[in-house]
1. In whole percent, and with a 1.4 Å probe on the protein chains, what portion of the accessible area of the chain is carbon and sulfur?
2. Counting only heavy atoms of the protein chains, get the accessible area per residue of region 14-57 (1.4 Å probe) and round it to a whole Å² value.
3. In square angstrom, what is the accessible area per residue of region 69-117 with a 1.4 angstrom probe?
4. Taking the alpha-carbon set of region 24-76, what are its Rg and Dmax in Å?
5. What accessible surface, in Å², does a 1.4 Å probe find on LEU17, ignoring ligands, DNA and RNA and rounding to the nearest 10?
6. How much space per residue, in cubic angstrom, does the convex hull of the C-alpha atoms of the chain take up?
Amino acid sequence: IPFRYDTETSSHLSEVLENAAVFIPLGVFLRMLGTGAGKTILSGSLVSLAFETVQYVFAIGAADVTDLITNTAGTAIGVSAYALLVRLFRDERKLNGTLNTAALIGMAAFLLLFVVIFYMN
């Protein structure tokens, strides 16, 4: 049953929000590639379904329909965010360049942090 928890519920809201947040970039980047909005959301849903299936088959974590719903919602949020950004930038090529640059900087920072943490431990 989606969004139903038999036990402690305080961390479930953050899990729902985190699941959605993780899939927002997928929606943005698939739209940057020119994929239609409907196909992008369907792709996000199928990627999420694949993750949940792997969790179920290999008994890794817990497969949950709530995750499927929130991951798909995250993809839809990414599609909507991209549409809003296109309207704000008015130049899709400039927007895509800006998003690629931001993604590159973010990934470089993440990798640097990973290396620092790896060597500190």
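1. 70 percent
2. Per-residue value: 59 Å².
3. Per-residue value: 70 Å².
4. 11.7, 36
5. 110 Å²
6. Taking only Cα atoms, the chain has a hull volume of 148 Å³ per residue.
The values are calculated or read from the model by the stated rules, or taken from the named source; none is laboratory data. Note that this is a predicted model, so its numbers are computed, not measured. Side chains are part of the model used for accessible areas, which takes the heavy atoms of the whole protein and leaves out ligands, DNA and RNA. Shrake-Rupley method; radii C 1.70, N 1.55, O 1.52, S 1.80 Å.
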